[in-house]
Every structure is written in C-alpha cells, then in structure tokens.
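Colleague: Starting off with a structure, shown below.
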Amino acid sequence: MSSSKRTRLCTEYYRKSKTCSSNLRGCLKRDRPRRKCSTDHTSMDKKYNRVEREEVGENYRTCSILPRFTRNLDKTQIPNRKRLCKLTSSVNQRSSSQKVVSNCYIKAVPDEVLLQICSYLQEGDLCSMAQTCNRLSAICQDGCLWRSLYSQVFEMANIMIKTSEGVYVKQEPENDLSWKRSFRTLYHAHHVHPTTAKQKKLNPLQYTGRKINYHETIKEALDAVQDDGVIIVHSGVYDEQLSISKPVAIIGAAKSKDDPVVIQCDSSTVVSFIAGSGSSFLGHVTLKNCPNGESEVIRSGCVEVVDDCGPTIYNCKLNSLASAGATVYVHGRGARPILSKCFISDSENVGIFITDDAQGTYEDCEITNIKLAGVWVRNHASPIMRRNKVHHGRDVGFFIFDYGLGYYEGNDVYNNRIAGFEIRSHANPTVVGCKIHHGMTGGIYCHDDARGEFLENKIYSNTYAGVWITSQSNPTIKNNEIYDGQQGGVYVFGEGKGLIEGNNIHDNALAGIQIRTKSNPIVRCNRIHSGLHGGIYVHEEGMGLIEDNEINNNTLAGVWITTGSTPTLRNNRIHSGKQVGVYFYDGGCGILEENEIFNHKYSGIQIRSGSNPCIRRNKIWGGQNGGVLAYNGGLGLLEENEIFDNAMAGVWIKTESNPVLRRNKIHDGREGGVCVFNHGKGVLENNDIFRNALTGVLISTASFPVLKSNRIFDGGAAGIEITNSAGGVLEENEIFNNRFDGICLATGVEPKLSNNKVHGNRREVEQAIESCRCLYQVSGNTCYPMHDFYRCTTCGTSDGYAICVSCVKGCHEGHDVKFVRRDRFFCDCGAGSSGVLCKLVSGNCWSVASRTQAARVASGGQTETSAQEVRDNQALCVS
C-alpha cells in the first residue's frame, strides 16, 4: 500500500501534515536536524561525514524494521508504557547483520498504528522518537498523547500556564502544542502525593524512566525544593502548618471540585509567608483553620503575610473558625501580597485584616458570611482592592479606621448587617465605582474625624441612609448615584462636614440630603429629585453651603429649614415640587441668594413660626399658591427678588407675620401683587409692583403694614385696597396707571396716608357707573372692585349677595334697597346669582338722571356718608 493512499488517523487533536511538521522543530527536546526517510541510502548528501552517515543509516534500518515488528507484535504483548529506547535497541541488534534495504517500510505503517505505539511511551521516549524523522515527529506532537501524559502525571483536566505576572492559571488549550508546553513548564516540579511517594519507596523500579520527585508532605517538599521551584500538591487533606521562607510556587492539582486539595491546621495559622518568601505563589488550594474545642484561644487564620513579602495567592478557598485573628492577616511595611479570585467564607473572625503600613492588591475575591468585618484596614495600611464581592456579612463590609488608607474600585458590597463601608478615626480611603447596596443599616458611615473620597459609586436600597456623616468627619462624596434608600440619601449630623458634589440623589423614602445638629457640609452641583419626602432637610441648628444644585419633583418641600438652622442656599434651581419650594418654620433662618424657585404646587417660599431668613436676588415664579407666603409669625428680609407669574399673590403676609420687603420686583402675577391680611404686618419699601392681574397691594382683616416709597402701577385692579378694619402706613408711594382707583378704602378703615403720588389711574368703576353699566360687566366674577355695596330686601338677597349702584335703579327700581358698606365685591345681580335677571347686562340702560335718582333711594345719612367717602378718596388722587 502506497503512502499516498493509506488512511490517516483523524482525531480532534491530530491535524498535522508535512508542511506544518517543519514548524514543530522548536518544540523538540533537542535542536537536532531530522532526516527524511529515503528509498536510496546512497543518495544522501555527500557533505555529511562518515560518522553522521552511519548514524543516519541506523535510523533508516530502524524505520525499515519497525513495520515488520509491529505487524508481528500482538497488542496485548506490549507492556504498559514500554520504553521506546529498549524497542529500538532490540530491533537494531536484530538488524545489525542485515543488508540496508532500498525501501523505508515505515511509510507503509498506518498513522493509527504509530499513534497507538506512541501512546505507550513516556515523555522522554516521545521526545527521542521525534528526532528520527519528520513523520514520527509530527505524530509525537499529537495533542492526545500529551494530554494523556499530562493527566497521568499532574492529575488535572486543564492545562496550567504561567502568566507574565508569575501566576499559574488553568485554562483550555489553544492547540495541540499547549499540552506539551504546560507539561514542560511543570515537569521539574516536586509533587506532593503521599500514596505515590510511599509506593515509589516500596517499589522504585516501577517508577524508573521518569525524573519526578514525589513527597509525602508539603513540608518535605518545601525542604527539598530550590528557590523559584514548583510544588504540585495533589488531591487530599493535609494537616500541616506551613512557614514559607523561600520563593516557591505551591499549586493545588485537584482532580475535580469534589476532590479538592485541602491544607488545614487546628492550632495556628495555616500558611505563613515570612522573610525570604519574596514573590511566592500559592494557588488552587483550600485552606482551613479549624481549632478544636480544647485549643487555646489564639490569634490565627488561614494566611499571614509579614514585612517585605509579596506572595501571590490565587484561586484559593479560605475558611477560619478561630474566634480571634483574621482569615488573611497582612501586616508590616513592605507586605504586598496579591490576593486574586479567592473565596473567603463562613469565618468566625475578620475576613482580611491589613495593618501597619501593609499594602497589596486584592481583586476578584468573594468575601461572605464573615462574623466581623469582611475587610479591616488600619494604621496607614494602603491596599488596592478591585472587583471584590463583600456580602452577607454579620458586621460591616469594609471597616477602615485609625488612619487606614487604600484604593477601592469596582467592588460589590451588599447585604451586610451594618454599613457597606465604615470609615472612622482619621481614615482616608478612596472608593471608586463600587456598588454599595441592601445594607441592613446604611451604605457608607463616616464618623469620628473620618475623611475619604467616594467617587462614582452606586449607593442604593439601603435600610437607612445611603451615606452617614457625623462627628467632625469631612469626606468627599462626588459623582455618586444615591437612590431607592428606605430612609434618606445623605445624612449629615453631629457636627459632620463634607463635600457633597455632583451626585444624583433620587427616589429615597426620606430627604435626599438631611443636615442637622450643627453640621456644616458643602452641597454643590447635585441633582436631588423624585424623593418621596423633601429634597434637602436642614434642622436642629444645621448649617451648610448649598449651591448650584438642581432640586425638583420631590413629594414635600424642595428645601426644609427649621429649628434654628442657618444654611446658605445660592444659585440653586428648586422647581416642580409637589408642595413648597423652600419652607422655613420653627425658627429656621439662613440665606437664600440668587436661586431660581419655580413651578411648585404650593408657594415658592413659605416662612412661618418665627423663622427669619434673608432672601436676596432670587427669581420666584410659577407657584400655584403664590410666590412667597409668610404666616404664623413669620419674619424675614426679602431684598431685590423678582417675583412673577404666580397663580395667587406674589407675596402673602398674614397671621402676625412681619417680614421686610425691600427693592423687589413683584409683577405679572395671575392675581394680586402683595396681599396682607389676618393681622399681618410687614414693611414694604422701594418695591416695584406692576402688571399684576388684580390689586397691587391688598390690606385686609385688621392687618397693619407699612408701605413706603413703592411704585405700584399697571395693575389689573386698584393700586392699593384697604378693607375689613385694616390699616397701615402709606408714605411716599407712587401709584399710577392702574385699572381702578389708585387707593381704595373700604368703610371704616383709617390708614395713615402721607405724600403719596396717585395719578393716571383709569378708574373704570366710576366710568361704568357714569355710563349706566353694571359693575359685573367691568369685573366679571374674578375681580372685586371696591364700590358701594347694596342689598335688596325685596328680592330677599342675603348678606352674601351684593348689588352695585347701577343695578339699584336699573334692575331693582321700587324695591327696598339698603346701603351696606363700601367694600370689594362683584355684582351678584349682574352675575345672575341673586335670582333676578339683570336688565343692564341684558342690554337695557337707563339715564344718568335716573341713576342720580336711584342714589337717593338709600337712606339719606348713609348715602351722604358714602358720597362723602367717594369725594374724600377722589381728593387723594393727583392728576
């Protein structure tokens, strides 16, 4: 059978050809030229000397005899792992007297048979056979051969490679050569395999041909291995305490997940990296510290790293049941371990304890169900911790205290019984891009002069506040998202400080930020929105600088300031709240400067209960219940604000409130400008009150404000109206171009008037009476012009129904009509609410003489008094 037609072995690992066989020479044990099989021995190149020619001739004879040998050799007669060198030697002896044949009969042997022969060889024999010819070299590189050898020697299902960082990692093979490369990397390792070591001592001949060192214990291997050597620990449980004082690599070779490599100790720390261990490696093992009940209580754990040691601990499971100490204890200057992809669980002490200037990198680990903190960092220790999961701890997740430092990035911290991060006692960590959530107490807790930077974290769904700051702590909380807290977002109390900047705080059950008890943080450039409570709540003498924030769509007030608090709010946008914009009550004070406060369901600002804020240069608009409301003894200074486009009065002052309004612009209100009623007071000085839909300033119900040097103009009703036993002081005001009179006084009011300029008002009420029109045609039912108020007893109208003087003759001629008082009202006759069809509204009219006669219908004294009041008020006007 010719070589061109023979069938070749087709396996998932064997995809070789003559073309690729030349690329495999670099993987051979020796860099020696291979000779191609030839049918003519005399055709060899003449440049080789005689010694080389004889050596090659022996290889040719081996190739020519192997097929005959294999054809006559029964499969069962081949001993397991028989060495090829013995086979080759016996064949050479038999063929030494034979004549060199002209044909190489190995070409006739199928690949399957050659592969089967190679499967019985050890690694050294395979490398020797690969030197004979290109075809055997290609077969000897077959992946299935090296995979079988790999699993027999190392008892691992996947290859183990060494990365450039010195980490031994399990991975799937990239190609057939991966098995051989990994085999070569680990070939000179010391093996800890108690069963094999004992068998080798009893029957050493069985293990000839392989230079592999087997040991019964890990300590024995540590004593035997050289620096930078490798120890492979096979599956089993090893009761040992290891002190590593040389740079070595200890690799666990577990057969499966159900048959791990376990190293345990019941009296002290399982593995200690001490001086001299350098950059050692420990990986793929399970470490257990499990003291028995009779053991003395000592500090112990699974791993200890001391000064100037930098081991790599990779893919290990760690569990310590010792009641004192830590599962991983790193201490001392220069301690820089790398802990990667480890699983620390069910420990009765601290998970990882880093202290005394220690450092190190801890990444991709999982720390769960720890009795104390998952991680302790103290005393100037500065670890780097990335992408760890710290969860379901029975205490805090990360506890950084006593000047602890560190960089914590991308960690997932959740479901811990206390906070995710607790920072105290001058600790100053940097926490970046972490998820801190579902804490049973809170997310981040800074206290006792703590500092730290918390940047771009997600803090959510914690039982209490997302961030707590207290006791002179001064952290930086920047660019985080803090949301879905079962209480507040950020809670600053007990003289806490801090910079809270650029955060997105939303959908928390209580206030987005709460400041109390003399705390004084800086709150800047945050978005505080969609809270189920208020936006910012400052109380119990809280302070703080609150500037450039966007506060909107909160269920209660955008900002609450109460109980002696004195914050400064500057350049904030407070809008679209479901209640008040800024709410001062119970002695709340503070400064509001240059804020935009708009579109709230209630008023933009409310001041009550002795509160006394200073409100300057703000824009307040779009309130559905007014711009500013001062009531129940509210005080305050309002200066240079612009208050406009509010649904009700721009400023309400009532119930013993006494604010000072100075140099404000109050305009374009959908009702009045300023309304003072129910014993309200206040000082209005140098304000511009204009273009409001109703009265510029309304003073009612026993109120007594002071109006001085104001300009009240372009109003949709009167300039100033005083009614219901109210009074006040009106000095040097200029009142002009209003729809009705400049100053309208109801019956019985006696304000103090001095040097007011009242001119150019349109007086549409008087014009309507003169033109015999019902006042309802002037006011509608949305405006209350001040004029004489009549009641028709014939028609049975009650005290609540008013009839204007025009309707007295035009609609109620011959009726018993009585003058009630001069006051603010619209005509119910014209509105049709009195039950009488108004003839004037329907188009009928009557003469001026009839109107004059109707004015005499009322009782003489009252009518004369009313006319006299009209003349007196007209005398106040200056054309």
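Colleague: Which ones in the stretch 455-485 are among the hydroxyl-bearing types (S, T, Y) and either open to solvent by less than 10 Å² (accessible area, probe 1.4 Å) or farther than 19 Å from C525 by Cα (or both)?
Modeller: Applying the first criterion (among the hydroxyl-bearing types (S, T, Y)) to the stretch 455-485 yields 460-461, 463-464, 470-471, 473, 476, 483.
Y460, S461, T463, Y464, T470, S471, S473, listed by residue number.
Colleague: So how many residues does the stretch 406-431 have that are farther than 17 Å from G485 by Cβ, open to solvent by 10 Å² or more (accessible area, probe 1.4 Å) and β-branched (V, I, T)?
Modeller: 1
Colleague: Has the stretch 584-603 got at least one residue that is under 39 Å from the mean Cα position of the chain (by Cα) and under 17 Å from P705 (Cβ atoms)? Talk me through it step by step, then tell me what you get.
Modeller: Within the stretch 584-603, the first condition is being under 39 Å from the mean Cα position of the chain (by Cα), and the residues that meet it are 584-603.
Next, from what is left, pick out any that are under 17 Å from P705 (Cβ atoms): none.
Within the stretch 584-603, none of the residues are under 39 Å from the mean Cα position of the chain (by Cα) and under 17 Å from P705 (Cβ atoms).
Colleague: Restricting to the stretch 681-720, count the residues that are open to solvent by less than 20 Å² (accessible area, probe 1.4 Å), touching a strand residue (DSSP E or B) at 6+ places or on another chain (Cβ under 8 Å) and either farther than 15 Å from V651 by Cβ or of a type outside the set (A, V, I, L, M) (or both).
Modeller: So the count comes out to 12.
Colleague: Being of a type in the set (A, V, I, L, M), under 23 Å from K619 (Cβ atoms) and open to solvent by less than 10 Å² (accessible area, probe 1.4 Å) narrows it down to one of I666, I735, so name that one. Don't jump to the end; show me each part of the working.
Modeller: Working: I735 fails: under 23 Å from K619 (Cβ atoms).
Answer to the check: I666.
Colleague: So if I check each of A702, A649, A693, A717, which one is closer than 23 Å to R762 by Cβ and over 49 Å from the mean Cα position of the chain (by Cα)?
Modeller: On the way: A702 fails: closer than 23 Å to R762 by Cβ; A649 fails: over 49 Å from the mean Cα position of the chain (by Cα); A693 fails: over 49 Å from the mean Cα position of the chain (by Cα).
Step by step, each of A702, A649, A693, A717 is checked, and only A717 is closer than 23 Å to R762 by Cβ and over 49 Å from the mean Cα position of the chain (by Cα).
Colleague: Only one of these conditions is not met by F584: (1) in a loop (DSSP other than H, G, I, E, B); (2) closer than 15 Å to V538 by Cβ; (3) out of contact with any Asp or Glu (no Cβ under 7 Å at 6 or more places or on another chain). Which number is it?
Modeller: Going through (1) in a loop (DSSP other than H, G, I, E, B); (2) closer than 15 Å to V538 by Cβ; (3) out of contact with any Asp or Glu (no Cβ under 7 Å at 6 or more places or on another chain) one by one, F584 breaks only (1).
Colleague: Could I ask something else about it? Give the stretch 777-821 a look and list any residue that's of a type in the set (F, W, Y) and at pLDDT 85 or above, or say none.
Modeller: If we filter the stretch 777-821 for residues that are of a type in the set (F, W, Y), which is where we start, we get 784, 789-790, 801, 819.
Matches in the stretch 777-821: Y790, F819.
Colleague: I need every pair where a residue in the stretch 215-235 that is closer than 13 Å to S245 by Cα has its Cβ under 7 Å from the Cβ of a residue that is of a type in the set (K, R) and open to solvent by less than 50 Å² (accessible area, probe 1.4 Å), sequence separation at least 6 or different chains.
Modeller: These pairs meet every condition: D227/K246.
Colleague: Let me spell it out: the conditions are (1) in contact with a strand residue (DSSP E or B) (Cβ under 7 Å, 6 or more places away or on another chain); (2) closer than 24 Å to W621 by Cβ; (3) of a type outside the set (K, R), and T723 meets all of them except one. Which number is the exception?
Modeller: Looking at each condition in turn, T723 falls short on (2).
Colleague: Here is a further query. Tell me, please, whether a residue that is at pLDDT 85 or above, of a type in the set (S, T, N, Q), farther than 30 Å from N733 by Cβ and crowded, with 17+ Cβ neighbours inside 10 Å can be found in the stretch 828-839.
Modeller: No: the stretch 828-839 contains no residue that is at pLDDT 85 or above, of a type in the set (S, T, N, Q), farther than 30 Å from N733 by Cβ and crowded, with 17+ Cβ neighbours inside 10 Å.
Colleague: Here's another thing I want to ask about it. Could you look through the stretch 547-571, keep only residues that are among the acidic types (D, E) and open to solvent by 40 Å² or more (accessible area, probe 1.4 Å), and pick out the one that is nearest to G623 (Cα to Cα)? Quick ask: steps written out before the conclusion?
Modeller: The first filter runs over the stretch 547-571 and keeps only residues among the acidic types (D, E), leaving 547-548, 550.
Adding the requirement that they be open to solvent by 40 Å² or more (accessible area, probe 1.4 Å) leaves 548, 550.
Values: D548: 21, E550: 17 Å.
In this case the residue turns out to be E550.
Colleague: Could you name every one of the strands (runs of 3 or more DSSP E) located completely within the stretch 480-535 that has at least 2 residues being under 16 Å from the mean Cα position of the chain (by Cα) and not hydroxyl-bearing (S, T, Y)?
Modeller: On the way: elements: 481-483, 490-492, 499-501, 504-506, 513-516, 522-524, 527-529.
By residue number, 481-483, 499-501, 504-506, 527-529.
Colleague: What single numbered condition from (1) of a type outside the set (K, R); (2) open to solvent by 10 Å² or more (accessible area, probe 1.4 Å); (3) part of a helix (DSSP H, G or I) fails to hold for V765?
Modeller: (2)
Colleague: With out of contact with any Gly (no Cβ under 6 Å at 6 or more places or on another chain), in contact (Cβ under 8 Å) with a residue 12 or more places away in the chain and not charged (D, E, K, R) as the only criterion, which of N411, N428 stands out?
Modeller: N411
Colleague: Go through the stretch 300-336 and give me each residue that's outside any loop (DSSP other than H, G, I, E, B), under 12 Å from S272 (Cβ atoms) and open to solvent by 20 Å² or more (accessible area, probe 1.4 Å).
Modeller: E304, Y329, H331
Colleague: Suppose we keep only residues that are in a helix (DSSP H, G or I) and modelled with pLDDT under 90 within the stretch 204-218. Which one would you say is surrounded by the most Cβ atoms within 10 Å (Cβ to Cβ)?
Modeller: Looking only at the stretch 204-218, we keep the residues that are in a helix (DSSP H, G or I), and these are 204-207, 218.
Still in the running and modelled with pLDDT under 90: 204-207.
Numbers: P204: 9, L205: 7, Q206: 9, Y207: 14.
Per the criteria, the residue is Y207.
Colleague: Could you please let me know if I352 is β-branched (V, I, T), outside any loop (DSSP other than H, G, I, E, B) and either open to solvent by 10 Å² or more (accessible area, probe 1.4 Å) or closer than 20 Å to H284 by Cβ (or both)? Don't jump to the end; show me each part of the working.
Modeller: Numbers: β-branched (V, I, T): yes; outside any loop (DSSP other than H, G, I, E, B): yes; either open to solvent by 10 Å² or more (accessible area, probe 1.4 Å) or closer than 20 Å to H284 by Cβ (or both): yes.
So I352 passes the test.
Colleague: Still on this structure, please answer the following. For the stretch 404-437, which residues satisfy the criterion of being over 16 Å from the mean Cα position of the chain (by Cα) and either of a type in the set (D, E) or under 17 Å from T476 (Cβ atoms) (or both)? Let's see the steps before the verdict.
Modeller: Quick first cut of the stretch 404-437, residues over 16 Å from the mean Cα position of the chain (by Cα) only: 404-407, 416-418, 422-429.
G404, L405, G406, Y407, E422, I423, R424, H426, A427, N428, P429, listed by residue number.
Colleague: For I574, which of the numbered conditions (1) assigned to a loop (DSSP other than H, G, I, E, B); (2) open to solvent by less than 30 Å² (accessible area, probe 1.4 Å) fails to hold?
Modeller: Status for I574: all satisfied but (1).
Colleague: Starting from the stretch 377-398, keep only residues that are charged (D, E, K, R), then list their pairs with residues that are outside any loop (DSSP other than H, G, I, E, B) whose Cβ atoms are within a distance under 6 Å, requiring at least 6 positions of separation or different chains.
Modeller: Every condition considered, the pairs that remain are R378/T355; R378/F401; R386/E363; R386/E409; R387/E363; K389/E366; K389/D412.
Colleague: So, one more: Working only within the stretch 242-277, note down all residues that are open to solvent by 10 Å² or more (accessible area, probe 1.4 Å), in a loop (DSSP other than H, G, I, E, B) and closer than 29 Å to Y150 by Cα.
Modeller: Of everything in the stretch 242-277, those that are open to solvent by 10 Å² or more (accessible area, probe 1.4 Å), in a loop (DSSP other than H, G, I, E, B) and closer than 29 Å to Y150 by Cα turn out to be K246, P247, A254, K255, K257, D258, P260.
Colleague: What number of residues in the stretch 738-747 are open to solvent by 30 Å² or more (accessible area, probe 1.4 Å) and more than 60 Å from the chain's Cα centre (by Cα)?
Modeller: Of all residues in the stretch 738-747, those open to solvent by 30 Å² or more (accessible area, probe 1.4 Å) come to 739, 747.
Next, from what is left, pick out any that are more than 60 Å from the chain's Cα centre (by Cα): 747.
Qualifying residue count, the stretch 738-747: 1.
Colleague: A further question on this structure: Which one is nearest to N687 (Cα to Cα), of the residues in the stretch 748-762 that are open to solvent by 60 Å² or more (accessible area, probe 1.4 Å) and part of a loop (DSSP other than H, G, I, E, B)?
Modeller: Ranking the qualifying residues of the stretch 748-762, first place goes to N755.
Colleague: For the stretch 337-349, which residues satisfy the criterion of being at pLDDT 95 or above, more than 24 Å from A275 (Cβ to Cβ) and crowded, with 23+ Cβ neighbours inside 10 Å?
Modeller: Once the filter is applied, which keeps residues that are at pLDDT 95 or above, more than 24 Å from A275 (Cβ to Cβ) and crowded, with 23+ Cβ neighbours inside 10 Å, the stretch 337-349 yields only I344.
Colleague: Every residue in the stretch 171-225 that is among the charged types (D, E, K, R) and within 30 Å of I139 (Cβ to Cβ), please. Break it down stepwise before answering.
Modeller: In the first step, residues of the stretch 171-225 are kept if they are among the charged types (D, E, K, R); the result is 172, 174, 176, 180-181, 184, 198, 200-201, 210-211, 216, 219-220, 223.
E172, E174, D176, K180, R181, R184, R210, K211, listed by residue number.
Colleague: Let me ask something additional. Can you tell which of G439, G452 is crowded, with 24+ Cβ neighbours inside 10 Å and closer than 17 Å to Y414 by Cα?
Modeller: Numbers: G452 fails: closer than 17 Å to Y414 by Cα.
G439 is the lone residue from the list that is crowded, with 24+ Cβ neighbours inside 10 Å and closer than 17 Å to Y414 by Cα.
Colleague: Next up: Within the stretch 171-202, how many residues are polar (S, T, N, Q), more than 48 Å from the chain's Cα centre (by Cα) and open to solvent by 30 Å² or more (accessible area, probe 1.4 Å)? Full working, then the answer.
Modeller: Of the residues in the stretch 171-202, the ones polar (S, T, N, Q) are 171, 175, 178, 182, 185, 195-196, 199.
Imposing the further condition that a residue be more than 48 Å from the chain's Cα centre (by Cα) reduces the set to 195-196, 199.
If we keep only those that are open to solvent by 30 Å² or more (accessible area, probe 1.4 Å) as well, we get 195, 199.
Selection size over the stretch 171-202: 2.
Colleague: Does the stretch 168-182 include one or more residues that are among the hydroxyl-bearing types (S, T, Y) and in contact with a Leu (Cβ under 8 Å, 6 or more places away or on another chain)?
Modeller: Within the stretch 168-182, the first condition is being among the hydroxyl-bearing types (S, T, Y), and the residues that meet it are 168, 178, 182.
In the following step, the residues that additionally are in contact with a Leu (Cβ under 8 Å, 6 or more places away or on another chain) were identified as none.
No, that holds for no residue.
The values are calculated or read from the model by the stated rules, or taken from the named source; none is laboratory data. Everything quoted here is computed from the prediction, not taken from an experiment. A quick note on method: Cβ atoms are made from the backbone with ideal geometry, for glycine too, and the neighbour counts reach across all protein chains shown. Heads up: the accessible areas ignore ligands, DNA and RNA and are worked out on the full protein's heavy atoms, side chains in. Shrake-Rupley method; radii C 1.70, N 1.55, O 1.52, S 1.80 Å.
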